[in-house]
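The values are calculated or read from the model by the stated rules, or taken from the named source; none is laboratory data. In this text, all values refer to a predicted model and were calculated from it rather than measured experimentally. Using ideal geometry, Cβ is built from the backbone for each residue, glycine included, and neighbour counts are taken over all protein chains shown.
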Amino acid sequence: MSQTEIEIATQPDCWRRAVALAQHPEDTLSASLPRPGERVAVVGCGTSWFIAQAYAALRESGGHGETDAFPASEMPTGRTYDRVVALTRSGTTTEVLELLRRLGGHIPTTAVTAVPQSPVTEVVDAVVLLDFADETSVVQTRFASTELVLLRALLGEDLGHLPQQGHSALTEPVPNAALEAEQCTFLGRGWAYGIAQEAALKMREAAGAWTEAYPVMEYRHGPISVTGPGRVTWWFGDPEALPSGLADDIARTGGQLVALGRDPLADLVVVHRLAVALAAARGLDPDNPRHLTRSVILA
């Protein structure tokens, strides 16, 4: 097994630890993350930006307070927030560090990271450390999903069922239609749109695949034109919640709909496995993706 596959397989156990941590949080953990009613910005780069989008959508839709998500390089100046939360696995990403240094002394800041004593821990007011979910792979899987499990659980979601769904996602066959497809479009609604974005990124990073991601209601506003025979549209959500008529629209193109229907994070595990399988079929090494490093550190 590749290191990436090993880390994919450990996700349910990491999720279980995150749920337990949220059920009995230390005072420092509770104080480090946004309180109900606070206006919050969540930032990150790459995978961390997509997880930030998911968390922001969940926090705001759950009535916990206005929450925006930005790439760290694109957070607008002049806006007022009660806290900025930075998601960064390595704690070394240049754009994240530059933003946090600018905010220092002006807005309370928190970093969620996997690495103790990394540079980010020196420029924030509070740190949430998930070192048990750290990974050596360039392609993020278990850290990103684990931090979202923790954040969701701290918002009050009951996620006791999720580790078992994750185990199921590790053992069931990957959909043949996706294994054989020349192109995949991932769709989500609300917080699952961030998961759709992350799924598309994993496929590009690990396998160099042609993938796209959209909010589900935007799909018919142009993106459906890429769908056709030999191509897959993957829905992160309950099949019964797919917008009316969309399954028929996809069928008319000759494309194949995939809708597994579990929690989107569990279904993301299937995409992780798909990405590794496609990489192997294409003679690529998922542990050493092209043109990528574990962290982007700019000179």
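Go through the stretch 84-108 and give me each residue that's within 18 Å of L150 (Cα to Cα) and touching a Lys or Arg at 6+ places or on another chain (Cβ under 9 Å).
Result: R89, S90.
Return yes when R17 is surrounded by fewer than 18 Cβ atoms within 10 Å (Cβ to Cβ) and either part of a loop (DSSP other than H, G, I, E, B) or over 17 Å from the mean Cα position of the chain (by Cα) (or both) and no when it is not. Let's see the steps before the verdict.
Details: surrounded by fewer than 18 Cβ atoms within 10 Å (Cβ to Cβ): yes; either part of a loop (DSSP other than H, G, I, E, B) or over 17 Å from the mean Cα position of the chain (by Cα) (or both): yes.
Yes; evaluated as a whole, the condition is true for this residue.
Working carefully through the options S30, S73, find the one that is assigned to a helix (DSSP H, G or I), at pLDDT below 95 and among the small types (G, A, S). Before the answer, list the steps.
Working: S73 fails: at pLDDT below 95.
Selected residue: S30, the only one of S30, S73 that is assigned to a helix (DSSP H, G or I), at pLDDT below 95 and among the small types (G, A, S).
Please enumerate the residues belonging to the stretch 37-56 that are part of a helix (DSSP H, G or I) and either modelled with pLDDT under 95 or not aromatic (F, W, Y) (or both). Full working, then the answer.
Quick first cut of the stretch 37-56, residues part of a helix (DSSP H, G or I) only: 47-56.
T47, S48, I51, A52, Q53, A54, A56 - these are the residues of the stretch 37-56 that are part of a helix (DSSP H, G or I) and either modelled with pLDDT under 95 or not aromatic (F, W, Y) (or both).
Can you tell me which residue is nearest to the chain's Cα centre (by Cα) among those in the stretch 223-259 that are within 23 Å of G160 (Cβ to Cβ) and buried (at least 19 other Cβ atoms within 10 Å of the Cβ)?
F236
Checking the condition closer than 26 Å to L284 by Cα, in contact with a helix residue (DSSP H, G or I) (Cβ under 7 Å, 6 or more places away or on another chain), touching a residue at least 12 places away in the same chain (Cβ under 8 Å) and β-branched (V, I, T), which residue from T253, T227 passes? Before you say what the answer is, go through the steps one by one.
Working: T253 fails: closer than 26 Å to L284 by Cα.
Matching residue, one of T253, T227: T227.
Among the residues of the stretch 152-199 satisfying the criterion of being in a helix (DSSP H, G or I) and of a type in the set (S, T, N, Q), which is surrounded by the fewest Cβ atoms within 10 Å (Cβ to Cβ)? Outline the logic, then answer.
To start, the set of residues in the stretch 152-199 that are in a helix (DSSP H, G or I) comprises 152-154, 162-171, 176-180, 192-199.
Narrowing further to those that are of a type in the set (S, T, N, Q): 164-165, 168, 171, 176, 197.
Details: Q164: 13, Q165: 19, S168: 15, T171: 8, N176: 10, Q197: 22.
Here the residue is T171.
Name the single residue, out of those in the stretch 247-259 being of a type outside the set (G, A, S) and not in a helix (DSSP H, G or I), that is nearest to F236 (Cα to Cα). Show your work before the answer.
Taking the stretch 247-259 as the starting set, the residues that turn out to be of a type outside the set (G, A, S) are 248-250, 252-253, 256-258.
Checking which are not in a helix (DSSP H, G or I) leaves us with 256-258.
Numbers: Q256: 14, L257: 11, V258: 9 Å.
Only one residue tops the list, namely V258.
Note down all Cβ pairs under 7 Å where the first residue falls in the stretch 77-89 and is assigned to a strand (DSSP E or B), the second is among the charged types (D, E, K, R), and they're at least six residues apart or on different chains.
From the stretch 77-89, the pairs are R83/E38; L87/E147.
Using the structure shown, decide if R35 is surrounded by fewer than 22 Cβ atoms within 10 Å (Cβ to Cβ) and without any contact (Cβ under 8 Å) to a residue 60 or more places away in the chain.
yes
Report, by residue number, each residue of the stretch 260-285 that is within 18 Å of the chain's Cα centre (by Cα) and either more than 20 Å from G194 (Cα to Cα) or in a loop (DSSP other than H, G, I, E, B) (or both).
So the first thing to find is which residues in the stretch 260-285 are within 18 Å of the chain's Cα centre (by Cα), and the list is 260-276.
Residues satisfying the conditions are L260, G261, R262, D263, V276.
If the requirement is being outside the structural domain of G194 (by TED's automatic domain parsing) and surrounded by fewer than 20 Cβ atoms within 10 Å (Cβ to Cβ), which of these qualifies: V123, V128, V112?
Numbers: V128 fails: surrounded by fewer than 20 Cβ atoms within 10 Å (Cβ to Cβ); V112 fails: surrounded by fewer than 20 Cβ atoms within 10 Å (Cβ to Cβ).
Just a single option satisfies the conditions, and that option is V123.
Looking for whichever is within 22 Å of R290 (Cα to Cα) and out of contact with any helix residue (DSSP H, G or I) (no Cβ under 7 Å at 6 or more places or on another chain) here; the options are A181, A177. Which one fits? Explain how you work it out, then say what you get.
Values: A177 fails: within 22 Å of R290 (Cα to Cα).
Among A181, A177, only A181 is within 22 Å of R290 (Cα to Cα) and out of contact with any helix residue (DSSP H, G or I) (no Cβ under 7 Å at 6 or more places or on another chain).
From the set of residues in the stretch 130-186 that are farther than 17 Å from L278 by Cα and of a type in the set (F, W, Y), which is nearest to the chain's Cα centre (by Cα)?
Checking each candidate, the answer is F143.
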